[in-house]
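First up is the structure itself, then whatever we jot down about it.
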Amino acid sequence: MSLKNLKLDRLLITILLSACSILFIVPLLWMLSASAKLERDVMTYPIQWIPQQWNWLENFQKVWLENVPFTLFYWNSFKLAIISTIATLLFSSMAAFAFSKLRAPGKGIMFALMMSFMIIPDQATLVPRFIMIKWLGLYNSHEGLVLMLAFSMYFTFLMRQFMMGVPNDFIEAAKIDGAGYLRVYAQILLPLSKPILATAGIIKFIWTWNDYQNPLIFLFKKELFPLPLGIQFFRQEYSNNVSLMMMAAVSAIIPLIIVFIILQKEVINGITVGGVKG
């Protein structure tokens, strides 16, 4: 293929991807616009992308300071997302270290068995998990929800693939110096695995922040609701006010947008590196 044809192909691909990006971002722009409007102006046609009369502050106050405890829902989401993310990084990295660097009989069979469980959808395990959490006395508590969200076969696999690419020379040198397995894990493997830890942490945070199914099944007190359930509760209170619904939705996605904009390079690099190593 000539250089001219290659440049033309890249130009066409760029144009196509740009068009797709515009299609994907239009609903977000409409949501931002609607959140700053008076209710009577939301459904006007043609669409007013820039509000003629700004009502952003009033909508913000109604969402955060009036009948619905939106601040509490926000705090619950941060609490669940942060604790679950830290727990997942800890347990998955320890399991990945064992699968990638430790010698144990049947290790390959255990890893293959774990991988086979990844084909089971979460919905198929809802009843056993419900029975287990009920038996432990953790139903309708953040502790029970965190316990379920703390373990991840996917992130164990991702970290294991990354750690397989870490040279064993580092570990052998640490053993010669008298380091045990716990010290090797904490002082050698974890610092070298920062890219994949950052990637897994960001993805896990986003997944937990957006999780609707698990809180719906395992929580029933309004005081424990995270944002996905809180917005559903908010919708019941303000079902006829689209501008307030859009303000609530905008408030819910702001942390995710900030996290992804700041750390998107780490997400892409970590997934790429973790997928090809090992």
* Asked: Of all residues in the stretch 91-104, how many are in contact (Cβ under 8 Å) with a residue 40 or more places away in the chain and open to solvent by 20 Å² or more (accessible area, probe 1.4 Å)?
  -> 6
* Asked: Here are some conditions: (1) outside any helix (DSSP H, G or I); (2) closer than 20 Å to S141 by Cβ; (3) of a type in the set (D, E, K, R). K79 meets all but one. Which one does it not meet?
  -> (1)
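Does the stretch 150-179 hold any residues that are of a type outside the set (D, E, K, R) and part of a loop (DSSP other than H, G, I, E, B), and which are they? Step through it out loud before you land on a result.
First, the residues of the stretch 150-179 that are of a type outside the set (D, E, K, R): 150-159, 161-168, 170-171, 173-174, 176, 178-179.
Of everything in the stretch 150-179, those that are of a type outside the set (D, E, K, R) and part of a loop (DSSP other than H, G, I, E, B) turn out to be A150, F151, S152, M164, G165, V166, P167, G178, A179.
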* Asked: If you take the residues in the stretch 238-260 that are loosely packed, with under 13 Cβ neighbours inside 10 Å and over 14 Å from the mean Cα position of the chain (by Cα), which one is modelled with the lowest pLDDT?
  -> S239
* Within the stretch 25-47, can you find the residues that are touching a helix residue (DSSP H, G or I) at 6+ places or on another chain (Cβ under 9 Å), part of a loop (DSSP other than H, G, I, E, B) and open to solvent by 40 Å² or more (accessible area, probe 1.4 Å)? -> M43, I47
* To do: For residues that are polar (S, T, N, Q), open to solvent by 10 Å² or more (accessible area, probe 1.4 Å) and within 14 Å of the chain's Cα centre (by Cα), tally how many sit in the stretch 60-90.
  => 1
* So is F220 assigned to a loop (DSSP other than H, G, I, E, B) and hydrophobic (A, V, I, L, M, F, W, C) or not? -> yes
* For I109, indicate whether it is β-branched (V, I, T), out of contact with any helix residue (DSSP H, G or I) (no Cβ under 8 Å at 6 or more places or on another chain) and open to solvent by 60 Å² or more (accessible area, probe 1.4 Å). => yes
* Of the criteria (1) closer than 13 Å to A248 by Cα; (2) touching a Pro at 6+ places or on another chain (Cβ under 7 Å), which one E66 fails -> (2)
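A quick yes/no check of all residues on (1) charged (D, E, K, R); (2) in contact with an Asp or Glu (Cβ under 7 Å, 6 or more places away or on another chain):
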| site | (1), (2) |
| --- | --- |
| N67 | no, yes |
| T71 | no, no |
| K79 | yes, no |
| I86 | no, no |
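The values are calculated or read from the model by the stated rules, or taken from the named source; none is laboratory data. No experiment lies behind these values; they were computed from the predicted model shown. Neighbour counts are summed over all protein chains in view; Cβ atoms, including those assigned to glycine, are modelled from backbone coordinates with ideal geometry. Please note that ligands, DNA and RNA were not included when accessible areas were found on the heavy atoms of the full protein model with its side chains. Shrake-Rupley method; radii C 1.70, N 1.55, O 1.52, S 1.80 Å.
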